[in-house]
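So the structure is just underneath, and the comments pick up after that.
Values quoted throughout were computed directly from the atomic coordinates according to the rules given, and no laboratory measurement underlies them. Computed from a predicted model, the values in this text were never measured in an experiment. In this analysis, Cβ positions are derived from the backbone assuming ideal geometry, glycine residues included, and neighbour counts consider all displayed protein chains.
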Amino acid sequence: MKNFLIISGTFFFLLFSMAVSGPLNSSPEENNQQVRVFVTSADADLHLSQQASLNFEKAVQPLETEIAVFVNPDVKFEKMLGIGGAITDASAEVFALLSKEQQQELLSAYYDPDKGIGYTLARTNIHSCDFSSGSYTYIEEGDKDLKTFSIDHDRQYKIPLIKKAIQAAGGQLTLFASPWSPPAFMKSNNNMLKGGKLLPEFYQPWANYYVKFINAYEKEGIPVWGLTIQNEPMATQTWESCIYTAEEERDFLKNYLGPTMEKAGLNNKKIIVWDHNRDLINHRVNTIFGDPDAAKYAWGTGFHWYETWTGGDPMFSNVGLIKESYPDKNLIFTEGCADSYREGQYQSVKNAERYGNSMINDFNMGTVAWTDWNILLDQRGGPNHVGNFCFAPVHADLTTGELIYTLSYYYIGHFSKFIKPNAVRLSTAPSRSQLIATSFQNTDGKIATVVMNQSEKEITYKLFAGTKQATVKILPHSIQTLFYSM
């Protein structure tokens, strides 16, 4: 079936290797007049496949009737930190049910830069979230002194998967962590679920909790790069959640979390504020970054994409305004997943294009890192202890033993496979709204220009890169990575 692709085992890696591995190892000098075009298109049954190798020509003035993508390699912006996804309890629990061969397949598919799509970034949850089999914390209820703190729960599933992911990624994976709720006794509603607020008398114990978590994970041999203060601090959810106003988050950071991390010798860890949608992001950032005593502890701002679930605009310009207003702070997309799980829609073009649209626009607005939600879920879009099922780029059908690679997986791969950490973003501008595009130059000089066509028509356009041009065709509802050297 053309729009429903299930690939597993050796066949997946044979196909993937033929599509995207070997040719990427050639040096820039060998192909400095060529553009290699990799494409994913559901209709054409192409998945990160090398579609063409085009020759550069000397650039000439384009006609008004021509469509073009202009890349200026001399105009450079921020550096890429990484691209990846979240290793949640749910992902780890499903992973543990796979065969050893499937486990290795999944690890390679995500983290191997040659056989897979080369993830370099990961997020994990600090005790339970909705994508856990149940609510839990690392302490006994009522232990404000944290004397019972233990991460034994995570040693069964999550820690082993994180360690294997680090190994599969070559020994290094940028990991950050997020809490969904403090323990129930620390909150105004005495419940980890359904919102509530952190009570002022527990600000210091809760700040200590982050330190305990980081130290415990690093004792396990898992480096923690940073953390977010609170997942979705303005959302009262049926699952683990906690509300902070902008002023409350500012003061918790300024008076408790920042100084506590510093005192513990963890001031090198990155603290990310907000960690919620783009709609209210500017008020939160203005409140926190407008206070120098709070801002000094913050590395940057995290954001999600769920403001569009109500049919709204993605509000990319809000992200760009933050970069303009606070250029010394960083932007990181911390979570996004496709709509609520619906059976039989693994290969949804709409879901895949949502990834492409967000990634291109977020990067062009100054975002330095992009994190998908669960890396793996079961055939129902779980497990999830409150029935909040969703899609992941890869699903494991535990009834048939198959791994299902969705179209979204390949769309993400057009970025993570070709754009490496420390790559610098280049000025990129399409001449028509039918196309959106972004470009990065890796440290080895190779440039990846990602172009997406959301229209119903095949489009012929010209890639202008400095003083060179090449003529390219892009299929309807498809995404391309143009890989070349100057």
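What the table below lists for this structure:
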| item | result |
| --- | --- |
| Value of relative contact order over the stretch 82-418, rounded to a whole percent, pairs C-alpha under 8 Å and six or more apart | 19 |
| Table column - 3J(HN,Hα) (Hz), the stretch 260-269, Karplus curve with 6.51, -1.76, 1.60, x for Gly and Pro | 5, 4, 4, 4, 7, x, 10, 5, 7, 7 |
| Nonlocal amide H pairs with residue 51, under 5 Å, H built at 1.01 Å | 37, 38, 39 |
| Charge sum, other residues only, whose C-beta stays under 12 Å from residue 431's C-beta, Lys/Arg counted +1 and Asp/Glu -1 | 0 |
| 335, 248, 324, 57 arranged by Cβ crowding within 10 Å, fewest neighbours leading | 324, 57, 248, 335 |
| Net charge of neighbours whose Cβ lies under 15 Å from the Cβ of residue 441, counting Lys and Arg as +1 and Asp and Glu as -1 | +3 |
| Candidate lysines for bridging to residue 457, where Cα separation is under 18 Å - those fewer than 8 sequence places away on the same chain excluded | 350, 473 |
| For the stretch 186-323, with +1 on Lys and Arg beta carbons and -1 on Asp and Glu, the positive-most of 321, 257, 300 along the dipole | 257 |
| Partner lysines for residue 446 [C-alpha distance under 20 Å; skip if fewer than 8 residues away on the same chain] | 58, 76, 79, 115, 417, 420, 462, 468 |
| Under the Karplus curve 6.51 cos²θ - 1.76 cosθ + 1.60, θ = phi - 60°, whole-Hz ³J(HN,Hα) for the stretch 377-394, x wherever Gly or Pro sits | 9, 7, 5, 9, x, x, x, 8, 7, 10, x, 8, 6, 8, 8, 10, x, 10 |
| About the Cα centre, charge dipole magnitude for the stretch 283-429 (Lys/Arg +1, Asp/Glu -1 at Cβ), debye | 320 |
| Farthest toward positive dipole pole in the stretch 82-418 [+1 Lys/Arg, -1 Asp/Glu at C-beta], among 134, 110, 408 | 110 |
| Under the Karplus curve 6.51 cos²θ - 1.76 cosθ + 1.60, θ = phi - 60°, whole-Hz ³J(HN,Hα) for the stretch 279-293, x wherever Gly or Pro sits | 5, 9, 4, 5, 4, 4, 5, 4, 5, 7, 6, x, 9, x, 6 |
| Residues whose placed amide H lies under 5 Å from that of residue 391, excluding near-sequence neighbours | 338, 341 |
| Fewest-first ranking of 143, 130, using other Cβ atoms within 10 Å as the exposure measure | 143, 130 |
| Likely footprinting exposure, 201, 307, fewest C-beta neighbours within 10 Å first | 201, 307 |
| Size of electric dipole in the chain: Cβ of Lys, Arg +1 and of Asp, Glu -1, about Cα centre, debye, nearest 20 | 780 |
| Residue (of 193, 288, 235) at the positive-pole extreme of the stretch 82-418, dipole from beta-carbon charges | 288 |
| Set of lysines near residue 296 by C-alpha distance (under 19 Å), chain-local residues within fewer than 8 positions excluded | 254, 263, 269, 270, 323, 329 |
